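First up is the structure itself, then whatever we jot down about it.
The values are calculated or read from the model by the stated rules, or taken from the named source; none is laboratory data. Everything numeric in this text was worked out from a predicted model, so none of it was measured. Positions of Cβ are generated from backbone atoms using ideal geometry, with glycine treated the same way; all protein chains shown enter the neighbour counts. Note: areas computed on protein heavy atoms with side chains; ligands, DNA, RNA excluded. Shrake-Rupley method; radii C 1.70, N 1.55, O 1.52, S 1.80 Å.
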Amino acid sequence: MSKFRWHLAALFAAVAAMVLGIVVVPAASGAGGVSATFSKGSDWGTGFEGKYTITNNSAAALTSWTVEFTMPANHRVTSLWEGSYTTSGQVVTVKNTWNGNIGVGASVSFGFNGAYTGTFAAPTNCKLNGGSCEAGGTNPTTTTTTTTTTTTTTTTGPPPPPGKINLGYFAEWGVYPARNYQVKNIDTSGSASKLTHINYAFGNVSGGQCTIGEAFPAMEKAMTAAESVDGVADTWDQPVRGNFNQLMKLKKKYPHIKVLYSFGGWTWSGGFGQAAQNPAAFAESCYKLLEDPRWASLFDGIDIDWEYPNACGLSCDTSGPAAYKNLMQALRARFGSNYLVTSAITADGSAGGKIDAADYGPAAQYLDWYNVMTYDYFGAWAAQGPTAPHSPLTSYNGIPTAGFNAEAAINKLRSKGVPASKLLLGIGFYGRGWQGVTQAAPGGTATGPAPGTHEQGIEDYKVLKTKCPATGTVAGTAYAFCNGQWWSYDTPQTIASKISWARGQGLGGAFFWELTGDTANGELITAMRNALG
């Protein structure tokens with residue numbers, strides 16, 4: 001992350017693996033008013049996302065539960081969250097972890113990814129605490145079963161986020177005069193009511209510790225009454241000023257918004273290698289920073305933007321494929337289940353690419369979700385072209401690099417066992433462009449990066465929409481050709497289409513980089529919120 005370059009990285013936290021047996025609670029068996037119901041989410045032809053919902057309609061609270069079911073022939077569980085599981089042949093046994101208590105009238109659920117060959121069939125022979133999964137005592141069945149090899153696996157993790165997430169990044173340097181985007185603008189633009197989460201970018205990683213990124217905008221800048229969310233100017237004797245204080249005011253006005261502190265980014269990811277040498281100490285430092293008494297009410301979680309574990313970004317990391325999972329496990333162990341632990345990760349879906357370099361699949365059990373950075377695939381760092389969209393949703397004829405598209409990245413992550421509900425689609429509120437281009441269609445040659453307000457080859461959507469309006473679409477995103485310049489960026493229309501695709505895939509929502517790129521009335525955020533439903 002040079003101050004104007006935007007990528008995000010990842011994090012994980014801890015939960016001990018457990019190999020468990022069946023726990024029977026006779027007073028709360030299926031026949032006694034407790035039921036477990038299977039439902040299927042998305043299906044991608046070779047795999048699916050499943051969920052069991054356990055509902056307690058008995059007269060007493062449930063303190064623990066065990067669900068057993070049989071996978072059909074040629075079907076298997078590849079990952080599971082919100083529970084620990086063992087398999088014996090085709091029989092899967094799932095036991096509660098953090099979510100064992102179910103009050104009267106309440107329900108909990110666990111989800112899993114499954115793989116299959118041939119035709120999908122639902123699990124059968126469901127048992128809840130040794131009894132029927134149907135409250136009336138009837139054991140539901142849908143297909144026949146068979147037996148294959150025996151394996152034992154356990155995973156645990158935090159509950160998935162409720163509903164569809166609409167998350168935006170707030171860049172702390174945006175408050176400087178060059179951009180002059182204050183926390184107050186999140187409110188005045190109408191964006192606050194449409195966001196569910198804000199990631200504050202970025203904290204630094206130095207000496208194996210989480211540290212403040214830039215102290216002046218974060219906690220020292222005295223906001224005037226005109227710059228303040230509530231119209232009250234900062235005073236010299238406040239415990240904290242700057243963006244932190246304004247975000248606390250924003251949360252007071254919009255209590256639904258959750259704020260996470262994002263660490264790393266393109267420029268500050270070089271410190272994660274040292275942090276990974278002592279994950280517990282790193283996690284402790286992050287916890288103490290977020291819980292500083294001066295802003296203890298501000299942060300609801302932590303986001304790790306490691307670019308890139310066991311691969312190269314601004315610098316190269318050689319900490320090995322397991323370092324990422326170990327770091328995430330330590331973070332979850334320290335922060336517990338009441339904090340969000342998330343990570344912005346690579347969207348390199350190429351064979352042997354950055355997704356393959358680290359253990360994103362095993363680490364997912366410790367995370368609430370991944371922000372998959374499905375943008376910045378192509379740009380004018382290749383000064384002579386070919387021109388190509390920086391955020392293609394799908395592949396297309398002539399794409400410069402196979403696997404550099406959102407669909408490939410999402411499919412690869414799911415194939416590694418990451419639940420679709422823990423994946424957020426990334427949207428860029430900016431475009432990337434070239435100059436010296438002579439053809440409107442993608443694939444043309446160029447003489448170099450197009451001029452930009454803050455950096456060559458990059459420009460905010462709010463500028464491009466009038467400076468160089470879109471003239472076509474390719475691979476689910478827009479492009480524009482004007483005055484010898486070629487730009488690619490997302491519009492409200494392409495955002496709606498991308499999010500429709502994401503909803504069809506069962507993704508947990510979407511996120512964007514970053515707030516200053518939108519129009520003064522939050523045109524792109526509105527498009528995202530409307531599409532997410």
Taking every DSSP bridge whose two residues both lie in segment 163-245, the antiparallel percent to the nearest 5 is 40 percent
Cross-link reach from K51 to aspartates and glutamates, straight Cα distance under 15 Å and at least 8 residues apart if same chain, gives D43, E68, E82
For the chain, longest principal axis from Cα atoms; helix 406-415 axis from its Cα atoms; angle between them, nearest 10 degrees, is 30 degrees
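Under 14 Å from the Cβ of N338, count the other residues' Cβ atoms, weight Lys and Arg +1, Asp and Glu -1, and hand me the total. Can you show the working numbers first?
On the way: positive: K258, R332, R334; negative: E291, D300, D368.
Once positives and negatives cancel, what remains is 0.
Ranked by accessible surface with a 1.4 Å probe, highest first, in what order do W266, W513 come? Before the final figure, lay out each step's value.
Details: W266 40, W513 0 Å².
In descending accessible area the options line up as W266, W513.
Defining a contact as two alpha carbons under 8 Å apart and six or more residues distant in sequence, what relative contact order in percent does the chain show? Could you put the intermediate results ahead of the total?
Values: 1423 pairs, mean separation 84.2, N = 533.
For the chain, the relative contact order is 16 percent.
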Taking Cα atoms only, helix 492-504 is inclined relative to the longest principal axis of the chain by an angle, in degrees rounded to 10, of 20 degrees
Shape descriptors of segment 235-337 over alpha-carbon atoms, Rg and Dmax in angstrom, are 15.6, 48
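For T394, T445, what's the largest-to-smallest order of accessible area, 1.4 Å probe?
Details: T394 40, T445 95 Å².
Order by accessible area, largest first: T445, T394.
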Here the net charge surrounding A420, from other residues whose Cβ is less than 9 Å away from its Cβ (Lys, Arg +1; Asp, Glu -1), is +1
Under the rule rounded for a/c under 1.5, else prolate if a/b exceeds b/c, else oblate, using alpha carbon gyration tensor axes a ≥ b ≥ c, the chain is classed as prolate
Nearest 10, in degrees from 0 to 90: the angle of helix 279-290 to the longest Cα principal axis of the chain is 60 degrees
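Could you work out the Rg to Rh ratio of segment 416-517, with Rh taken as the Kirkwood radius (inverse of the mean 1/r over all Cα pairs)? Don't jump to the answer; show the numbers that get you there.
On the way: Rg = 15.0 Å, Rh = 14.5 Å.
Rounded to two decimals, Rg/Rh equals 1.04.
Placing unit charges on C-beta atoms (Lys and Arg positive, Asp and Glu negative, everything else neutral), compute the dipole magnitude of segment 235-312 about its Cα centre in debye, rounded to 20.
Working: 8 positive and 8 negative charges, 96 e Å.
Dipole about the Cα centre, nearest 20: 460 debye.
Ratio of Rg to Rh for segment 339-484, alpha carbon only, Kirkwood?
1.02
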Rg from C-alpha atoms of segment 189-297, normalised by the globular rule of thumb 2.2 N^0.38 Å, equals 1.16
Cα-Cα longer than 22 Å, checked against K221/K465; K184/K252; K258/K422; K249/K422; K164/K184; K164/K422, kept in input order, equals K221/K465; K249/K422; K164/K184
Going residue by residue through segment 511-525, the Karplus relation 6.51 cos²θ - 1.76 cosθ + 1.60 with θ = phi - 60° gives ³J(HN,Hα) values, rounded to whole Hz and with x marking Gly or Pro, of 9, 9, 10, 9, 4, 5, x, 7, 6, 5, 9, x, 4, 6, 4
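State the percentage of accessible surface on segment 193-348 attributable to carbon and sulfur atoms; use a 1.4 Å probe and exclude ligands, DNA and RNA. Working shown, then result.
Numbers: 3050 of 5700 Å².
Roughly 53 percent of what the probe reaches on segment 193-348 is carbon or sulfur.
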In the neighbourhood of K258 defined by beta carbon distances under 9 Å, the net charge of the other residues (Lys, Arg +1; Asp, Glu -1) is 0
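If you place +1 on the Cβ of every Lys and Arg, -1 on the Cβ of every Asp and Glu, and leave all else neutral, what size is the dipole of the chain about its Cα centre, to the nearest 20 Debye? Please report the intermediate quantities before stating the final value.
On the way: 35 positive and 34 negative charges, 134 e Å.
Using only the charged Cβ atoms, the result is roughly 640 debye.
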